[in-house]
Amino acid sequence: MVKRIAVLTSGGDAPGMNSAIRAVVRTAAFEGISCLGVKRGFVGLVNGDVMEMNPRSVDGINLKGGTMLYTARSPEFKTEEGLRKAAQTCKYLGIDGLVCIGGDGTFRGARDLSRYDVSTVAIPATIDNDIACTRYSIGFDTACNTAIEAIDKLRDTMQSHERCSVVEVMGRNSGSLAMYVGIACGASAILIPERETNFEELYERMRMARIQGRNHHIIIVAEGVGTANEVAQDIIEHTGVETRVTVLGHVQRGGSPTARDRVAATRMGVKAVNALLEGRTNRVICFKDKGIIDQDIIEALDMSHEFHQELYDVAIQVAR
Ligand code: ATP
């Protein structure tokens, strides 16, 4: 019998986390159970730093970026002692189910808690959209749109000065964000960690494009490839084109979530609470072809991220 649940956000923040918190809190109220908010992810769970949540405590947060519960990384939680303290907090506070919102590090934390009899459900939230078990994770759409807005502005000035712009976007292990942003912005090239770039071909294409009348270029680099500065230096050396660097950085993680993120996060939050109430615990909420489902967390963590080859091919074919 579930009487009280708790919710936390952990790892890197993502726009839409607030919508997921709101959905968890409101669904709990709808079902007549109490809900706690744990501050700073697993840090708050280890230290017992929680607050009572009710439908009014989440008024207006749907449109705000970031997370009202704050987020943090907790090395202590990864130790057996930290994990034990976190589980004790759950026991002491009578938490029958815990919703953990974050990336796959957060999922591993949720999985480990189940060894101490804490029932968890995880919700994928990361702007990288690189979680293997789900087609979509909260924050991706907003991050894409934030980057696109900035790059569209850059294009204006690159065109006026006839320059090349090398733009570094987030994505240490995944080129998902770079590919979406690059296609949407009409980039001349998209450099991602999953695939080798043929630099000689790129320089030749840039030289030819210049001869044929293209006076500027946008090159998107996912951070996992290397620094935008290095890429820019090589472009200058091999093509002679005046080149500028922009690192979008943390701006990609902020901002009011788009409709897609608000709705996805709300659906996931509702689904997470329903799963806990139906006794399906140690699960991850995922978007699959057939819709939104919950999947065993160990199974989900065993999956490897599938590269979106068709998207990559599209990017290559239109980057002329
Ligand atoms: P993002 O990658 O988008 O920043 P994330 O959830 O993967 O999100 P991490 O910093 O990897 O972010 O993990 C968040 C927290 O989860 C960590 O601070 C730690 O407390 C816990 N965690 C991470 N990895 C593990 C692990 N292997 N086992 C147990 N707990 C973990």
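See the values below:
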| quantity | calculated |
| --- | --- |
| For the chain, built as a Gaussian network whose Cα springs stay under 10 Å, the top-fluctuating residue of Arg56, Arg26, Arg244 | Arg56 |
| For a label point 7 Å along the Cα-to-beta-carbon line of Arg214, residues of the stretch 148-183 with backbone N under 18 Å | 151-168, 179-183 |
| Residue with peak Gaussian network fluctuation, the chain [Cα springs, cutoff 10 Å], from Asp112, Asp289, Asp234 | Asp289 |
| Global form of the stretch 250-320, assessed from the alpha-carbon gyration tensor, a/c cut-off 1.5 | oblate |
| Carbon and sulfur %, accessible surface of the stretch 141-254 computed with the full protein complex present, 1.4 Å | 46 percent |
| Distance histogram for the stretch 141-254 (every C-alpha pair counted, 10 angstrom bins, percent rounded to whole numbers) | 15, 51, 30, 4 |
| Theoretical gain in end-to-end length, Ile292 to Lys91 [0.36 nm per residue, Cα-Cα removed] | 69.4 nm |
| Cα gyration tensor of the stretch 178-320 - equivalent ellipsoid semi-axes, whole Å, descending | 40, 16, 14 |
| Per residue accessible area of the stretch 141-254, 1.4 Å probe, in Å² | 46 Å² |
| The stretch 11-86, accessible surface, carbon-and-sulfur percent (1.4 angstrom probe) | 52 percent |
| In the chain, lysine pairs with alpha-carbon atoms under 16 angstrom apart (chain gap of 8 or more, or interchain) | 4 |
| Residues Thr79 and Lys3, FRET efficiency given R0 of 30 Å [Cβ-Cβ distance, rounded to 0.05] | 0.50 |
| Cα gyration tensor shape for the chain, rounded if a/c is under 1.5, else prolate or oblate | prolate |
| Gyration tensor (alpha-carbon) shape descriptor, the stretch 31-82, a/c threshold 1.5 | oblate |
| Mean accessible surface per residue for the stretch 1-101, computed with a 1.4 Å probe while every protein chain stays in place, in Å² | 43 Å² |
| Long-range Cα-Cα pairs in the stretch 36-142 (distance over 16 Å), rounded percent | 60 percent |
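The values are calculated or read from the model by the stated rules, or taken from the named source; none is laboratory data. Quick caveat: nothing in here was measured; it's all calculated off a predicted structure. As a convention, Cβ positions derive from the backbone with ideal geometry for all residues, glycine included, and neighbour counts pool all protein chains shown. Surface areas here come from the heavy atoms of the whole protein model, side chains and all, with no ligands, DNA or RNA. Shrake-Rupley method; radii C 1.70, N 1.55, O 1.52, S 1.80 Å.
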